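Beneath this line is the structure, given in structure tokens, with notes to follow.
The values are calculated or read from the model by the stated rules, or taken from the named source; none is laboratory data. Quick caveat: nothing in here was measured; it's all calculated off a predicted structure. Note that each Cβ is placed from the backbone with ideal geometry, even for glycine, and that neighbours are counted across all protein chains shown.
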2 protein chains.
Amino acid sequence: MSLRIALLGLLDAKGPASGYDLAKAFERSLNHVWQAGHTQIYPELVKMADDGLVEVESEGARGRKIYAITREGTAWLHEWLVGHDPSTVVRSEAALKAFLLTLLGPGEAIEVVTQIKAHAQARLTGLECLGTPASEAFTGRFALDLGRRQAQAMIDWANATLATLEGRRVPGASQGA
Amino acid sequence: MSLRIALLGLLDAKGPASGYDLAKAFERSLNHVWQAGHTQIYPELVKMADDGLVEVESEGARGRKIYAITREGTAWLHEWLVGHDPSTVVRSEAALKAFLLTLLGPGEAIEVVTQIKAHAQARLTGLECLGTPASEAFTGRFALDLGRRQAQAMIDWANATLATLEGRRVPGASQGA
DNA sequence: AGCTACATGTAAGACGTTACATGATTTT
DNA sequence: AAAATCATGTAACGTCTTACATGTAGCT
């Protein structure tokens, strides 16, 4: 259902758009929150139109189809945002690596953590580029802040873990907030 | 591939086990890192046996089949841990809600953030119960620390966002580490 | 005898990725 | 004229969830 929510959210926030536009919007803005390519988006829009959540507002050049959110779609979106209990399913390859870190020797473990840290730093840099503190109001600004904090938490974890692995601190201790 | 890694990791860390045992281990220890039920685990173990990564060591009562990791399996596991670039695919319903927060009125937005905060706090409490600072060495202790930090980051975000929504702070500003 | 925990599976369907396929318009 | 970008789709395959199905062993 979350793909629907993401698509409805974009249509609600930015107005009518084609599947192509939505795929681009996914790449640019939603990327750090949810992922979907055009091969998933096009069929989903058709299904959503069948269900009355969106409608083809107009057709442009090159077979371009502009979808608009319907009143039913808006209602559905708000219902989900307020009423739906966010699922706690987590599937993180980085966390899986962290879990199995004790199976490796110290040298290899340091290598893996360093790699994870580099990824988190790249992610943080990418997020910093998306919004500056000056631009105060835009859709997704709260998610951007959340993404930054999550990336920073991963970097902090990597630093603490590297310190442990290098024997500079006690292992497994809780380092607080 | 990550399900394989998780299963191989458990077999490597805790020794031979049945599919049933592995499903239980998923529930208890791996839950905050990767999820899988028995309906996914049983067929995967069969495929892994076909591929030579595990083997049926013995069969016990009630049709119980004990799987053990093979040398090839161990090699494969280490290869993945060190060599595989962790995918950055993120799909978080909480983050999606955060993204779409601006579509809601202040009252509803506060409600949603409060709900997310409660979930993060429950998660943090659950993780705290899994390991005490005293027990210094166990498989997954690094992932536990990571999970705690991620949960704390979410709680911090929720508090900052609530402050913004209640008009106590500037919106969208970067709050640093 | 009935309940609970152990133990393993299959099948249908939803969700997601990769590869393939096609054609129109704009830019170089 | 060729290349890039716009624009939409299908098909095959892999992963994940939910529901269904079966039988054993221990406990009360």
**Request:** Could you please find all residues in the range A:29-46 being within 12 Å of DNA strand D (Cβ to nearest atom) and out of contact with any helix residue (DSSP H, G or I) (no Cβ under 7 Å at 6 or more places or on another chain)?
**Result:** A:39, A:43, A:46
**Prompt:** Limited to the range B:23-51, what total is found for residues that are within 11 Å of DNA strand C (Cβ to nearest atom) and touching a residue at least 40 places away in the same chain (Cβ under 8 Å)?
**Reply:** 1
**Prompt:** Somewhere in the range A:125-146, is a residue within 8 Å of another protein chain (Cβ to nearest Cβ), in contact (Cβ under 8 Å) with a residue 60 or more places away in the chain and not in a helix (DSSP H, G or I)?
**Reply:** yes
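Looking at residue A:66, is it farther than 23 Å from residue B:109 by Cα, within 16 Å of DNA strand C (Cβ to nearest atom), touching a Pro at 6+ places or on another chain (Cβ under 8 Å) and of a type in the set (Val, Ile, Thr)?
Details: farther than 23 Å from residue B:109 by Cα: yes; within 16 Å of DNA strand C (Cβ to nearest atom): yes; touching a Pro at 6+ places or on another chain (Cβ under 8 Å): yes; of a type in the set (Val, Ile, Thr): yes.
For residue A:66, the condition - farther than 23 Å from residue B:109 by Cα, within 16 Å of DNA strand C (Cβ to nearest atom), touching a Pro at 6+ places or on another chain (Cβ under 8 Å) and of a type in the set (Val, Ile, Thr) - is met.
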**Complete:** All-but-one check, residue A:106 against (1) at the interface with chain B (Cβ under 7 Å from one of its Cβ atoms); (2) in contact (Cβ under 8 Å) with a residue 12 or more places away in the chain; (3) loosely packed, with under 14 Cβ neighbours inside 10 Å, failing number (1)
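Is the range B:47-59 home to any residue that is in a helix (DSSP H, G or I), more than 12 Å from DNA strand D (Cβ to nearest atom), more than 9 Å from chain A (Cβ to nearest Cβ) and at pLDDT 95 or above?
Restricting attention to the range B:47-59, the residues satisfying the condition of being in a helix (DSSP H, G or I) are B:47-50.
Checking which are more than 12 Å from DNA strand D (Cβ to nearest atom) leaves us with B:49-50.
Subset that is more than 9 Å from chain A (Cβ to nearest Cβ): B:49-50.
Filter once more, keeping what is at pLDDT 95 or above: B:49-50.
Yes, the conditions are met somewhere in the range B:47-59.
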**Message:** So, in the range B:5-46, exactly how many residues are loosely packed, with under 14 Cβ neighbours inside 10 Å, within 12 Å of chain A (Cβ to nearest Cβ) and not in a helix (DSSP H, G or I)?
**Reply:** 1
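Restricting the search to the range A:70-124, which residues are hydrophobic (A, V, I, L, M, F, W, C) and assigned to a loop (DSSP other than H, G, I, E, B)? Full working, then the answer.
Initially, the range A:70-124 is screened for residues hydrophobic (A, V, I, L, M, F, W, C), giving A:75-77, A:80-82, A:89-90, A:94-96, A:98-101, A:103-104, A:109-110, A:112-113, A:116, A:118, A:120, A:122, A:124.
If the condition is that a residue be hydrophobic (A, V, I, L, M, F, W, C) and assigned to a loop (DSSP other than H, G, I, E, B), then A:89, A:90, A:100, A:104 are the ones that fit.
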**Request:** Kindly check whether there is at least one residue in the range B:64-86 that is surrounded by 15 or more Cβ atoms within 10 Å (Cβ to Cβ), facing chain A (nearest Cβ under 7 Å) and within 28 Å of residue A:2 (Cβ to Cβ).
**Result:** yes
**Item:** Counted residues, the range A:52-63 - those being within 12 Å of DNA strand C (Cβ to nearest atom) and hydrophobic (A, V, I, L, M, F, W, C)
**Value:** 1
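Look at residue B:80 and say whether it is more than 12 Å from DNA strand D (Cβ to nearest atom) and not aliphatic (A, V, I, L, M). Outline the logic, then answer.
On the way: more than 12 Å from DNA strand D (Cβ to nearest atom): yes; not aliphatic (A, V, I, L, M): yes.
For residue B:80, the condition - more than 12 Å from DNA strand D (Cβ to nearest atom) and not aliphatic (A, V, I, L, M) - is met.
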**Message:** Test of understanding: among A:95, A:109, which residue is out of contact with any Ser or Thr (no Cβ under 7 Å at 6 or more places or on another chain) and within 16 Å of DNA strand D (Cβ to nearest atom)?
**Reply:** A:95
**Asked** For the range A:26-49, which residues satisfy the criterion of being within 25 Å of residue A:141 (Cβ to Cβ) and hydroxyl-bearing (Ser, Thr, Tyr)?
**Response** A:29
**Message:** I'm trying to understand the selection: among the residues of the range B:4-16, which are aliphatic (A, V, I, L, M) and closer than 18 Å to residue B:51 by Cβ?
**Reply:** B:5, B:6, B:7, B:8, B:10, B:11
